[in-house]
Every structure is written in C-alpha cells, then in structure tokens.
Amino acid sequence: MTQDSGGVQMARALKHAALCLMLLPRFLLAAVMLWLLDFLCIRKKVLQKMGERQDSPEDPPVCVSDSNKMFTLESLRAVWYGQKLDFFKSAHLGRTAPNTEVVLVQERRRRVVNQYADIADFLVVYIEEAHPSDGWVSSDAPYQIPKHRCLEDRLTAAQLMLRELPGGNVVVDDMDNSSNAAYGAYFERLYIIRDERVVYQGGRGPEGYRISGLRNWLEQYKSDLMNSRTAVLHV
C-alpha cells in the first residue's frame, strides 16, 4: 500500500515537473512583457500597435491606465493560472463540448438581443474574477469585486452582469470552477457549440478576445443556413 502511494506521488511530481517545463518558456515571455509594460513609454507604444492591428471596431480594445501596475506577484500568479487552465482545458475545436455544471442567476424571458438571435442562443458564463480587489487589482475595472469565497458571492457579483445585459442569459460557474477549467476561459473567451461539438474557439482574452471572429463565423453559418435548414445553434 505504501509503495503504491509512493508511486502515485512520484507520478504526480513528474507530471507537475513536465508541466512546468512545457509552460515555463511561455510564462517567462509573458512575465518579461508585463515587466516591460510597467515602463509607460513602452506601454503606450504596445497599446498603440495593438489598436492598429484591431480587426474590427466592435472588438474591445485592450486598455491599461498609467496607474495600473502590471508586474506584480498577483499578476504573475494570474498569468500562470490562466496558462495552466488553457493547457489542460478539455474543450478543443472539433471535439465534443464539455457539459459542465453552472448555476442559474435569475429566470428571465428570452428576447431578441441582436441580429443572430434567430439562429443562435447566447449564454454568458460568469467565472472567477480576473482582477479581484484583493488580488491583481485593476484601476480600469468598472467594479471592485473581491475574490469569490462562496457561491453566494459569485451570484451577487453576477447580478452586475445582468444590469449590463438586460434580457440576456447569464449563469455562473460552480465553485470548483469546472467551466473555467474545461474551456480554458480565464480571463475571457468566446466559444460556439453546435450539436454538442466545439465549432468555434476564440483566443484567450483580453488580447485574443475578438467579437469580429465570432461574428464572421455566424455570418457564414447564417448564409449556409439559407440553403440548408438545420437546428438552432447554441453559443
């Protein structure tokens, strides 16, 4: 029994070491970028370049005020956590979409909220805070929300999203963060699921968050639907 337990611990240690080796180069690159962004002259140039490469006006720009400290212990923890989730996510393009547990925030009547409501159902899954007031603080955040200690905390914070999305469908991730882990959603991410399969996977936010990519896919799908009618798509 002791030998079996030792073998399991050794396997976990080796797996953890292998993970660190695979993620370390990308993490170090991100850490260097965060350090450089603390120099305001570099920050302004980088943000300007990112703005010039923006694919569409509807894609939210990456905004970082001068007062925000980028290279901190909390920021490095958040970056490592996000990269680890992305590496281990079970949602992949073309594969079966994970059916994770979520909690309904509030019953609301569905109504047309955008031009694709006739072909797609939109769902917002509120996950753990990327910039909690007691973690990697962002002065650009419209609200100061601490880390969720229980499901009630997360449900209360999600009410703020309902104010921004009247009539929208909003659910919250469970406290095991199963949706966040399965979809690698930290900090934010867009997916399209059709017939229980992932058919569109957006990049990791904020820099990879592209509404234009989602719109382009839906436009193509809507065009194809004109010729061949299929079931309603779930987004």
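At a glance:
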| quantity | calculated |
| --- | --- |
| Residue order for Met161, Met226 - accessible surface, 1.4 angstrom probe, largest first | Met226, Met161 |
| Fully extended contour minus Cα-Cα distance, from Met175 to Asn99, at 0.36 nm per residue | 25.8 nm |
| Dmax and Rg, reported as Rg then Dmax, of the chain (C-alpha, Å) | 19.8, 64 |
| Cβ-Cβ FRET estimate between Met33 and Cys63, R0 fixed at 22 Å, reported to 0.05 | 0.85 |
| At R0 = 30 Å, FRET efficiency that the Cβ-Cβ distance of Lys45 and Asp134 yields, to 0.05 | 0.45 |
| Surface share of carbon and sulfur [accessible, 1.4 angstrom probe, percent] for the chain | 57 |
| Hz values of 3J(HN,Hα) by residue in the stretch 189-203 - Karplus curve (6.51, -1.76, 1.60), Gly and Pro given as x | 7, 10, 9, 10, 10, 10, 6, 6, 10, 6, 10, 8, 10, x, x |
| Accessible area per residue, Å², the chain with all protein chains present, probe 1.4 Å | 62 |
| Pair Ser228, Phe88: separation of 7 Å Cα→Cβ label points (nm) | 3.9 |
| Computed P(r) (all Cα pairs; the stretch 148-220; 5 Å bins; percent) | 3, 13, 18, 23, 24, 13, 4, 1, 0 |
| Projected label distance in nm at Asp118 and Gln220, using a 7 Å step from Cα toward the beta-carbon | 2.2 |
| Among Val124, Tyr183, Leu93 the positive-end extreme of the charge dipole of the chain (Cβ point charges) | Leu93 |
| Relative contact order %, the chain, counting alpha carbon pairs below 8 Å whose residues are six or more apart | 24 |
| List Trp35, Trp80, Trp136, ordered by accessible area with a 1.4 Å probe, largest first | Trp35, Trp80, Trp136 |
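The values are calculated or read from the model by the stated rules, or taken from the named source; none is laboratory data. Remember, predicted model here, so these are calculated numbers, not experimental data. Backbone-built Cβ (ideal geometry, glycine too); neighbour counts: all protein chains shown. Keep in mind that these areas ignore ligands, DNA and RNA; they rest on the heavy atoms of the full protein, side chains included. Shrake-Rupley method; radii C 1.70, N 1.55, O 1.52, S 1.80 Å.
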